[in-house]
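Enquirer: So that we are looking at the same thing, I have put the structure below in structure tokens.
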Amino acid sequence: GINILHRRSKLIVLTSNPEFTISPGWIAKGIDNASRIAHEQGAQKLFVLGGASVYRACLPYATAMVLTHVHTRLQGTYFFPNFSQDEWRITKEQYHSKDKQHKYAFTISWYSRKDHGTEIKLLNPNI
């Protein structure tokens with residue numbers, strides 16, 4: 001949940017829910033608003049934890065990604081957006097086998113964009 005995120009120093013939550021509040025942190029109504037808040041707060045990097053639509057919106061600006069690839073087929077409605085493997089290189093991979101804590105084997109992959117843009121990182125919160 002959101003409590004895990006509090007270990008990060010500054011949180012900006014992108015939401016269209018007018019009832020949502022967070023303390024400490026800021027609410028942003030869109031990507032541009034979140035970027036402006038981050039800049040005003042002196043952030044050097046942005047770390048993005050999706051939903052699918054947020055990942056899709058931020059992917060063109062990302063310079064790095066940390067993705068968890070689960071080694072099974074799962075049913076679902078939303079997935080991380082497709083991206084061109086030609087634009088990214090894997091800089092590190094870490095395999096985890098199925099065990100008592102993990103129902104499926106998975107690999108955590110660190111990607112770096114071959115042609116850097118704005119410093120935004122997309123993180124999978126499951127790691």
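Enquirer: Take residue 84 and tell me if it is free of Cβ contacts under 8 Å to residues at least 60 places away in the same chain, exposed (fewer than 13 other Cβ atoms within 10 Å of the Cβ), under 17 Å from residue 32 (Cα atoms) and among the hydroxyl-bearing types (Ser, Thr, Tyr).
Expert: It is false that residue 84 is free of Cβ contacts under 8 Å to residues at least 60 places away in the same chain, exposed (fewer than 13 other Cβ atoms within 10 Å of the Cβ), under 17 Å from residue 32 (Cα atoms) and among the hydroxyl-bearing types (Ser, Thr, Tyr).
Enquirer: Could you please tell me which pairs satisfy a Cβ distance under 7 Å, a separation of 6+ or placement on different chains, a first residue in region 93-122 that is farther than 25 Å from residue 57 by Cα, and a second residue that is surrounded by fewer than 11 Cβ atoms within 10 Å (Cβ to Cβ) and at pLDDT 75 or above?
Expert: 104/72; 105/97
Enquirer: Going through region 40-59 one residue at a time, which ones are part of a helix (DSSP H, G or I) and surrounded by 11 or more Cβ atoms within 10 Å (Cβ to Cβ)?
Expert: 52, 53, 54, 55, 56, 57, 58, 59
Enquirer: Which members of region 68-101 meet the condition of being part of a loop (DSSP other than H, G, I, E, B) and closer than 14 Å to residue 113 by Cα?
Expert: 83, 84
Enquirer: Residue 40 fails exactly one of the following numbered conditions: (1) closer than 29 Å to residue 115 by Cα; (2) free of Cβ contacts under 8 Å to residues at least 24 places away in the same chain; (3) touching a Phe, Trp or Tyr at 6+ places or on another chain (Cβ under 6 Å). What is the number of that condition?
Expert: With respect to (1) closer than 29 Å to residue 115 by Cα; (2) free of Cβ contacts under 8 Å to residues at least 24 places away in the same chain; (3) touching a Phe, Trp or Tyr at 6+ places or on another chain (Cβ under 6 Å), residue 40 is out only on (3).
Enquirer: Is it true that residue 34 is out of contact with any strand residue (DSSP E or B) (no Cβ under 8 Å at 6 or more places or on another chain), buried (at least 16 other Cβ atoms within 10 Å of the Cβ) and not in a loop (DSSP other than H, G, I, E, B)?
Expert: So residue 34 does not fit the description; no.
Enquirer: Assess whether residue 98 counts as being open to solvent by 60 Å² or more (accessible area, probe 1.4 Å), modelled with pLDDT of 95 or more and touching a Phe, Trp or Tyr at 6+ places or on another chain (Cβ under 8 Å).
Expert: Considered against the rule, which asks whether it is open to solvent by 60 Å² or more (accessible area, probe 1.4 Å), modelled with pLDDT of 95 or more and touching a Phe, Trp or Tyr at 6+ places or on another chain (Cβ under 8 Å), residue 98 comes out as yes.
Enquirer: Pick out the one residue from 12, 2, 90 that is in contact with a helix residue (DSSP H, G or I) (Cβ under 8 Å, 6 or more places away or on another chain) and either at pLDDT below 90 or open to solvent by 70 Å² or more (accessible area, probe 1.4 Å) (or both).
Expert: Exactly one of 12, 2, 90 is in contact with a helix residue (DSSP H, G or I) (Cβ under 8 Å, 6 or more places away or on another chain) and either at pLDDT below 90 or open to solvent by 70 Å² or more (accessible area, probe 1.4 Å) (or both), namely 12.
Enquirer: Restricting to region 60-81, and then to whatever is among the polar types (S, T, N, Q) and surrounded by 12 or more Cβ atoms within 10 Å (Cβ to Cβ), can you tell me which residue is farthest from residue 45 (Cα to Cα)?
Expert: 68
The values are calculated or read from the model by the stated rules, or taken from the named source; none is laboratory data. Since we're looking at a predicted model, the values are computed, not measured. Note that we place each Cβ from the backbone using ideal geometry, even for glycine, and neighbour counts take in every protein chain shown. When the accessible area is computed, the model is the full protein with side chains, heavy atoms only, and any ligands, DNA or RNA have been set aside. Shrake-Rupley method; radii C 1.70, N 1.55, O 1.52, S 1.80 Å.
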